Each structure stands twice: as structure tokens, then as C-alpha cells.
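To start, the structure itself, in C-alpha cells.
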Amino acid sequence: MYEGAVQGLIDELGRLPGVGPKSAQRIAFHILAADPEDVRRLAAALIEVKEKVRFCTVCGNVAEDEQCQICRDPRRDPSIVCVVEESKDVVAIERTREFRGRYHVLGGAISPIEGIGPDELRIKELMTRLADGSITELIIATDPNLEGEATATYLARLVKPMGLNVTRLASGLPVGGDLEYADEVTLGRAFEGRRLLDV
Ligand SMILES: [Zn+2]
């Protein structure tokens with residue numbers, strides 16, 4: 001336990017995902033020893049991200065406008081939509097350069113243990129997007145783990161009556177892992193080899 005501000009910083013850092021008490025302490029002392037200008041830049045970046053960044057009204061991706069860059073890009077194919085859990089998955093897929101359609105960011109995956117059901121995800125918004133029939137293929141690129149698979153199956157069943165092609169990324173992705181940790185080549189191949197999801 002440290003005095004005042006140092007402990008305050010350690011406590012705040014410790015609330016971040018993946019930062020345990022030891023890391024929080026290490027980061028706090030790194031900041032304490034750092035150049036004041038560097039610390040000011042970090043603080044400004046934290047405030048700026050909260051002030052400027054919001055979520056795209058169409059797909060739920062992070063955006064600095066009402067719509068994100070991908071939704072605003074007229075060269076992107078609007079008939080194919082790739083469903084992902086988080087914005088970081090959009091970044092991972094964009095890196096492969098395999099996909100020229102649009103995205104839909106769910107904001108997580110179905111997880112009964114964590115109390116996350118379909119209503120907590122942007123599924124209603126997805127159904128609204130699909131309603132006019134202009135989207136003909138839905139690629140479900142949720143993580144290759146239990147929650148991601150459950151979400152994929154749920155979505156496939158839900159949209160089945162709409163008669164569009166629902167595909168899932170091919171195997172080859174590390175099972176139980178996170179999409180964002182897959183290397184570009186593996187993820188690119190999984191995209192190419194996507195298969196129809198039959199439920
Ligand atoms: Zn968007």
C-alpha cells in the first residue's frame with residue numbers, strides 16, 4: 001500500500017482487463033519515472049478516445065463519425081456482411097485483405113455463465129439490417145470457442161427463414177482461441193474456405 005496518488009493510480013490500473021496487482025504497480029512506477037510530456041500524451045489519448053470515438057450507427061464498429069470508415073466506403077460490397085464479436089476482430093480481418101464486404105459488430109458473444117444473452121448483443125440491429133433483403137451472404141466470424149460457436153449456431157437458426165447464405169470460417173483456426181490472435185495467413189485461408197452453415 002502506497003500513499004495517496006500512487007495507490008490511487010495502482011487501483012485504477014488494476015481495474016483494467018488483464019492487469020493484475022503486480023502489473024498495475026509496475027505500470028504505476030513506470031509512469032512515475034516517465035517524462036512528464038509522455039505522461040501528458042497518454043492522459044490526453046485516454047480523454048480523447050472517450051470524447052471522440054463512438055460506435056457506428058450501422059455496424060457497431062468504432063467510429064469518429066456517425067458511420068465508420070468501412071460503412072462509408074462505397075467500394076465495399078454491401079451485399080456481404082461479416083459478423084464479428086468485437087471491433088478488434090474487424091481489424092484482424094482487415095489485415096488479411098481477403099474481405100471486401102461490410103461488417104456487423106455484436107459487442108460480444110452469447111455466454112450464459114457471464115449472463116450475456118442475445119438481448120445484450122447487437123442482434124436486433126443485425127435483423128433490421130437484413131430485413132430489406134439486400135444482404136445475400138452472412139459470414140459468421142465469431143471466435144472459435146464455446147461462446148463463439150453457440151453464437152454462430154444461434155444466429156444461423158435465427159436468420160435461416162430469411163433465405164440468405166450463412167457461412168462460417170473454415171477450420172484451421174486454433175480452437176478455443178480468439179480470432180484476433182490468429183495470424184493473417186491462417187485467418188485469410190479460413191475466410192477463403194468458409195463453408196455454408198447448415199442448421
Ligand atoms: Zn460501420
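The values are calculated or read from the model by the stated rules, or taken from the named source; none is laboratory data. Because the structure is a prediction, the values reported are computed rather than measured. Methodologically, a virtual Cβ is constructed for each residue, glycine included, from the backbone with ideal geometry; neighbour enumeration extends over all protein chains shown. Side chains are part of the model used for accessible areas, which takes the heavy atoms of the whole protein and leaves out ligands, DNA and RNA. Shrake-Rupley method; radii C 1.70, N 1.55, O 1.52, S 1.80 Å.
With +1 on the Cβ of every Lys and Arg and -1 on the Cβ of every Asp and Glu, and nothing else charged, how large is the dipole of the chain about its Cα centre, in debye rounded to the nearest 20? Each step should come with its number before you reach the end.
Numbers: 25 positive and 33 negative charges, 103 e Å.
Around 500 debye, computed over the chain.
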P(r) of segment 5-52 over all Cα-Cα pairs, 5 Å bins starting at 0, rounded to whole percent, reads 5, 21, 23, 27, 19, 4, 0
Exposed loop GluC sites (Glu not before Pro) only (DSSP loop, at most 14 other Cβ atoms within 10 Å): please give the longest stretch of the chain free of them, not including the sites. 67-199
Of Asp132, Asp65, Asp11, which has the largest mean-square fluctuation in a 10 Å C-alpha GNM of the chain? Asp11
Rounded to the nearest 0.05, FRET efficiency between Arg72 and Arg195 (Cβ-Cβ, R0 45 Å) equals 0.90
Test of understanding: what is the full-extension gain from Glu120 to Arg15, defined as 0.36 nm times their sequence separation minus their Cα-Cα distance? 35.6 nm
Label point distance in nm, Ile47-Asp132, each placed 7 Å from Cα along Cα→Cβ: 4.1
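Heavy atoms only, 1.4 Å probe, whole protein assembly: order Leu187, Leu197 by accessible area, highest first. Walk me through the numbers on the way to the answer.
Numbers: Leu187 0, Leu197 40 Å².
Largest accessible area first, the residues go Leu197, Leu187.
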What is the dipole size for segment 5-52, taken about its Cα centre, with +1 at each Lys and Arg Cβ and -1 at each Asp and Glu Cβ, in debye to the nearest 20? 180
Return one number: the angle in degrees, 0 to 90 and rounded to the nearest 10, between the long axis of the Cα atoms of helix 21-33 and the longest principal axis of the Cα atoms of the chain. 60
Between 0 and 90°, nearest 10: helix 87-96 axis offset from the chain longest Cα axis: 70
Global form of segment 104-172, assessed from the alpha-carbon gyration tensor, a/c cut-off 1.5: oblate
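What share of the DSSP beta bridges in the chain is antiparallel, in percent to the nearest 5? Can you show the working numbers first?
Values: 5 of 18 bridges.
Percent antiparallel among DSSP bridges in the chain is about 30.
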Rounded to the nearest 20 debye, dipole of segment 67-168 from Cβ charges on Lys, Arg, Asp, Glu: 460
Enter the Cα centre distance for the pair segment 22-78 and segment 85-138, rounded to the nearest angstrom. 21
